[in-house]
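The values are calculated or read from the model by the stated rules, or taken from the named source; none is laboratory data. The shown structure was predicted, so the numbers you read here are calculated from the model rather than taken from an experiment. Neighbour counts are summed over all protein chains in view; Cβ atoms, including those assigned to glycine, are modelled from backbone coordinates with ideal geometry. Side chains are part of the model used for accessible areas, which takes the heavy atoms of the whole protein and leaves out ligands, DNA and RNA. Shrake-Rupley method; radii C 1.70, N 1.55, O 1.52, S 1.80 Å.
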Amino acid sequence: MPKDFSKFLQSFFEEVTEHLSVLEAGLLTLEEHPDDHETLNRIFRSVHTIKGAGPIFGFTTMSRFAHAVETVLDPLRQKKIAVSRPIIDLLLESYDCLKMLEAAAKDGTVVDDNQTVSGLMGRL
């Protein structure tokens, strides 16, 4: 019997929207308080959740992109590098890209990885 995940899709989108709000608010907080480790951890957890949930519904581009964002966040969390303006700018662009991927997933639009995601992923 094939599994029907469509009934869970609305919950997935609600969760992604919530995590993107956490990401945006957290990045704006980090602009003012770059040493706020709790906010950094909260941001990471939200991106990590998006990464993990995306493939369940076939949103692999969203998941791969969130994984790339994690690779930027992890050294910040481990205090191997400091939060800086260029990193905040890159993470804000990443937020915009995740919002675009969310919108595309909701309306069924195919995202051309080469034109939208890959360019930013190459900078992450």
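Points to keep in mind about this one:
- Qualifying residue in the stretch 71-87 (condition: of a type outside the set (Ser, Thr, Tyr), in a helix (DSSP H, G or I) and under 21 Å from Phe8 (Cβ atoms)): no
- Residue match in the stretch 9-26 (condition: more than 20 Å from Val69 (Cα to Cα) and in contact (Cβ under 8 Å) with a residue 24 or more places away in the chain): yes
- Close pairs from the stretch 58-84: first under 19 Å from Arg45 (Cβ atoms) and open to solvent by 40 Å² or more (accessible area, probe 1.4 Å), partner among the hydrophobic types (A, V, I, L, M, F, W, C) and not in a helix (DSSP H, G or I), Cβ under 6 Å, at least 6 apart: none
- Only a single criterion out of (1) modelled with pLDDT of 95 or more; (2) open to solvent by 50 Å² or more (accessible area, probe 1.4 Å); (3) under 17 Å from Ser21 (Cα atoms) is not satisfied by Phe44, namely (2).
- The set of residues from the stretch 16-41 being part of a helix (DSSP H, G or I) and either at pLDDT below 95 or surrounded by fewer than 15 Cβ atoms within 10 Å (Cβ to Cβ) (or both) comprises Thr17, Glu18, Ser21, Ala25, Leu28, Glu31, Glu32, His37, Glu38, Asn41.
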